[in-house]
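One structure below.
Here, each number is a calculation from the coordinates, and none is a lab measurement. Computed from a prediction, not measured in an experiment: that's the story for all the values here. Reconstructed Cβ throughout: ideal geometry from the backbone, glycine too, with neighbour counts over all protein chains shown.
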Amino acid sequence: MNRRTFLLATSATLIAAPAFAGGAKTADYRPGLIQQELAASKTLLVDYAADWCSTCARQERILGQLRAENPAYDEAITFIRVDWDDFSRHEVTTSRNIPRRSTLILLRGDAELGRLVAETRTDQIRALLDQGLTAT
């Protein structure tokens, strides 16, 4: 492994670590997962992200912080991460008109309850999660 690869991997690990603090779990998308969870009447926060995206990393830190502060988010919302590099041209992205990585969408049943694109303000991300609490 060359030095640049090592530094990028180490940085990504340090950036993503807070998102998983406190036992918060985010499922990696696989085809059919969103439909399966929606059919089970769950509220979903779908995070379209890339490992190399600094805006995505900021969103993940904020989501991790908010989830650690308020365990009700994890009780009411299922968190799913869609890897932009793998699924940017896939139906999971195109069918919802996702414009770019760093897009967060809140889903319940057949409805999209909210969407943030490239948003990194804590209050805006908290407001989206709060919508998920009231949707259940």
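Expressed in Å, the radius of gyration and Dmax of the Cα atoms of region 42-136 are 12.4, 35. Tell me whether region 53-93 comes out rounded, prolate or oblate; compute the Cα gyration tensor, take square roots of the eigenvalues as a ≥ b ≥ c, and use a/c under 1.5 as the rounded threshold. Oblate is the answer for region 53-93, as a/c is 1.5 or above yet b/c matches or exceeds a/b.
Charged neighbours of residue 75, selected by a Cβ distance under 13 Å, balance to +2 (K, R count +1; D, E count -1).
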